[in-house]
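Taking it in order: structure first as C-alpha cells, then the write-up.
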Amino acid sequence: MAAQDEVRWVVRLSPPPGRTVRDLLEIPLPLDVWQRDADALIAAVTELTLNELERRRLADVERLGTTAEYEERAERAARPNDRDGER
Amino acid sequence: MNLIARITSPGPQSPLSEVLRVPLGVDVWEVKPDYMILRATEAQLERLSRMGYQVEQLEDVAQHLSAFATADAAAGYHSAASLEEELRHLAEARPDVAELREIGRSIEGRPILALRIGDRHGGVPKILFMGCHHAREWIAVEVPFLLAKEMVERADEPPIASWLSSGEVWVAPMVNPDGHEHSRVEQRLWRKNRRRNQDGTFGVDPNRNYGYMWGILNLPTSSHVPSDETYVGPRAFSEPETQAVRDLVACELFAGVITYHSYSQLILYPWGYTDRPVPDARDRELMVGLAIEMQGLIRGVHSSVYTPQQSSELYPTAGDTTDWTYGTYGIPSFTIELRPRTVQEGGFILPASQIQPTWEENRPAAFRFIEHLISAPIG
C-alpha cells in the first residue's frame, strides 16, 4: 500500500542490453510512467520498487531525484515571476 | 499530519547541518545558514526537538498547498469551485448559446460539469471535448475551459457562429474533480479519483475504467493492483466519473471526441490496448490524417512539436477513453497530451504563464476538428 509519506523517486529507466523500452513496460512492478522516450522511460517509483529493479537488474536506473524534490523545484520554477514564460 | 516547520540550532552543540544527516526521512525544503525549513510528521518534529533543535511549526502542508493553489488559481489554474463559477458565468452571459449541465457527481459528491454550446437544441453534429481525467494534469483543465470560453464569447463571429447554428460543442473540462482537488490541496502528483478501495488504498484511474477491452491487460500502465497509479477498478464503469461520461456520450451520440491530458506533446489515436492498428482503413486514414493536420496547425503557432502516433506506442492501456469512444461508437477520437514535452521542462507542474500559449497553439487544432465534423456529411 502506497502511504502518503512514502518516498518516491523520479527515475530514468533504460533497458538492459538485449531488451527494449517495450520490455520495461511489461515489468510486473508498479511503475508510474510519466514519459516515454525513444530509449528510456521516466517514471515515479517507490523505494521498494527501485530496489527490486536494481536487485533483479530489470532496468538500468538513473535516479533523477525524489518526487518531493521534483515538486519543489518545479513549483519554484512555476511561480508567477518565473522567467520560463511564454515561448 | 504533515507539517511545515522552521528548525534552528540552539548552539554549536547541535549544528543545523546534522539535521541533513539524521536518517528521519524528513523532506527538506530550504537550507539557510541560520535555519532550515522542512516538511515532516509530528513524530519526526518531536524527535528533532528531543535532539535539541528548536522547532517552530509554521503551518500544516494542506494549508500551505491550499495557499499555493490559491496563488496558482489567481495566476490561471482553476479549482473545481472556481471552474464551476466561471462556467456558470459563461452560461448566464449567453443563455442563448450556452447551457451548463451537471452530467454526474463524483465519489465525494462534486458536480461533474459540461457546457453545451450551440444556438439550437438538438443540433447535429455534436462534438465533445474533455479534460482532467488525471488529477495532476492541471493544464488539461485550462485548455478545454479556454476553448469553451472563446466559443461562447465569440459565438456571433465567423466561423464559430456558423458552427453553432448547425451543431453543438460540449466541453467537460474537469472529469475528475475530486482527484483534482486532492492534487491541489494534499498530493500535487495525485493521478486517480478518490474511490476508497477494498484494501484501504485510494483511487481508480478513470482513464482505465472505460468499458472497451476493460481490464484485459495487467501491466504497470494498466494495472489490477488497487494501490497502483493505473488501477483499472473493480469492473468496467465502476466509477461515477466514467459513468457520467458514458451516459453523456450515449445520450448525445457525439460525432467526435478530444480528451486532453498532459504531458508529452502527443496526438494519440486508437488503439491503446493493442499494437494492431484500427482495422477499418477509412477510419484509420481519417484519424491519422486529422492527427497530422493538427500537428501542423499546432506547430504553426509557437513552433511546438506535438507528435501524432497510435496510443499504444506511448504505452499499452486497456479501458481508456478513446478506445471506448472509437471502439463503441466508431467516431474519430483523440487524446492530446499537452505541454510540456519533458519532465525537465516541468512535467506535470507547468508554469501558469504557459497556459495561454498552450491554449493558443491548440486552438487551431480544436477548431479544425470542429470544422471537419460539422462540415462532414452525417451518417
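Values for this structure:
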{"quantity": "Length-normalised contact order of the stretch B:192-311 in % [C-alpha pairs under 8 Å, at least 6 apart]", "calculated": "18 percent"}
{"quantity": "Sorted peptide list for A:56-62, B:280-286, criterion being average Cβ within 10 angstrom, highest first", "calculated": "A:56-62, B:280-286"}
{"quantity": "Within 10 Å of each Cβ in A:24-33, the average number of Cβ atoms from other chains", "calculated": "6"}
{"quantity": "Ranked list, fewest to most other Cβ atoms within 10 Å of each Cβ, for B:Arg88, B:Arg184", "calculated": "B:Arg88, B:Arg184"}
{"quantity": "Partner chain coverage, peptide A:65-72 - average Cβ within 10 angstrom", "calculated": "5"}
{"quantity": "Taking B:Lys126, B:Lys192 and counting other C-beta atoms within 10 Å, the order from fewest to most", "calculated": "B:Lys126, B:Lys192"}
{"quantity": "Mean residue ellipticity (222 nm) of chain A, computed from DSSP H runs ≥ 4 via -39,500 (n - 2.57), nearest 500", "calculated": "-7500 deg cm²/dmol"}
{"quantity": "Estimated inter-spin distance, B:Asp247 and B:Glu85, nm [label 7 Å along Cα→Cβ]", "calculated": "2.8 nm"}
{"quantity": "10 Å Cβ neighbours from other chains, averaged over peptide B:199-209", "calculated": "1"}
{"quantity": "Value at 222 nm in deg cm²/dmol, rounded to 500, when DSSP H runs of n ≥ 4 in chain B each add -39,500 (n - 2.57)", "calculated": "-11500 deg cm²/dmol"}
{"quantity": "Neighbour-count order for B:Ile292, B:Ile370, fewest beta carbons within 10 angstrom listed first", "calculated": "B:Ile292, B:Ile370"}
{"quantity": "Estimated FRET transfer efficiency when R0 is 41 angstrom, pair B:Tyr35-A:Leu48 (beta carbons, to 0.05)", "calculated": "0.80"}
{"quantity": "Choice from B:Glu360, B:Glu186, B:Glu18 with maximal GNM fluctuation in chain B (Cα, 10 Å cutoff)", "calculated": "B:Glu18"}
{"quantity": "Net charge dipole size for the stretch A:8-77 [Lys, Arg +1 and Asp, Glu -1 on Cβ; Debye, nearest 20]", "calculated": "180 debye"}
{"quantity": "Note, ³J(HN,Hα) from phi for the stretch B:97-112, Karplus 6.51, -1.76, 1.60, rounded to Hz, x at Gly and Pro", "calculated": "10, 10, 9, 8, 10, 8, 9, x, 10, 6, 3, 8, x, 7, x, 9"}
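A short reminder: the numbers here are calculations on the coordinates, not readings from a lab. Predicted model, so just to flag it, every value in this text is computed and none were measured. Because the Cβ atoms are built from the backbone with ideal geometry, glycine has one as well, and the counts that use them run over all protein chains shown.
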